[in-house]
Amino acid sequence: MTRGWLCLLLLLAGCLPVTAPPQLQHTPGAFVRVDERRLTAPGFQVQYPPGWRIVRTSIAADPVQVVFVAPDEALTITLSRVPLPAGAARRTTRTLADGTRLYLAGQYPPARAADFEAAWRAVLQSLAAAP
């Protein structure tokens, strides 16, 4: 009986398509690559702080927007290709050598200001045009 089911399963496995379905052949939106310490997106690349995670908050059709989040989730740095809403504790705008304009915002509790400043400076110093 078990052998019969196994033969049927193998026979049916031959009926499966060998190509990827159309929805997997075209995924909309900007390509973003994350390496051990670097995020590369259309128009820019940046190093994120060690141990921090990356959350992409933009939908596929919109310009890239990511948030770097500290392990304890108390510190965040948002980086976007479009202007960010007001209200962040720290904000700045950078124009890269190729003319790409980036908007950054950061949130942190006052007790963690020194930790935030170190991460903020490192992110700003690592910003560069995409290769």
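Figures for the structure shown
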| quantity | calculated |
| --- | --- |
| Total charge dipole magnitude, the stretch 23-126, about the Cα centre, Cβ charges on Lys, Arg, Asp, Glu only, Debye to nearest 20 | 200 |
| Charge sum, other residues only, whose C-beta stays under 14 Å from GLY43's C-beta, Lys/Arg counted +1 and Asp/Glu -1 | +2 |
| Residue-span extension gain [ARG38 to ALA60] - 0.36 nm each, minus C-alpha spacing | 5.9 nm |
| Full-stretch length increase - ARG94, THR2 - with 0.36 nm per residue and alpha-carbon distance subtracted | 26.6 nm |
| Cα-Cα P(r), the stretch 23-126, percent of pairs per 10 Å interval | 14, 49, 29, 7, 1 |
| Likely footprinting exposure, ASP72, ASP115, fewest C-beta neighbours within 10 Å first | ASP72, ASP115 |
| Protection proxy ranking, peptides 86-94, 38-46, average beta carbon neighbours within 10 Å, highest first | 38-46, 86-94 |
| In nm, spacing of pseudo-spin labels at ALA74 and ALA130 (7 Å Cα→C-beta vector) | 3.5 |
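A short reminder: the numbers here are calculations on the coordinates, not readings from a lab. Quick caveat: nothing in here was measured; it's all calculated off a predicted structure. Here the Cβ is made from the backbone with ideal geometry for all residues, glycine too, and neighbour counts use every protein chain on show.
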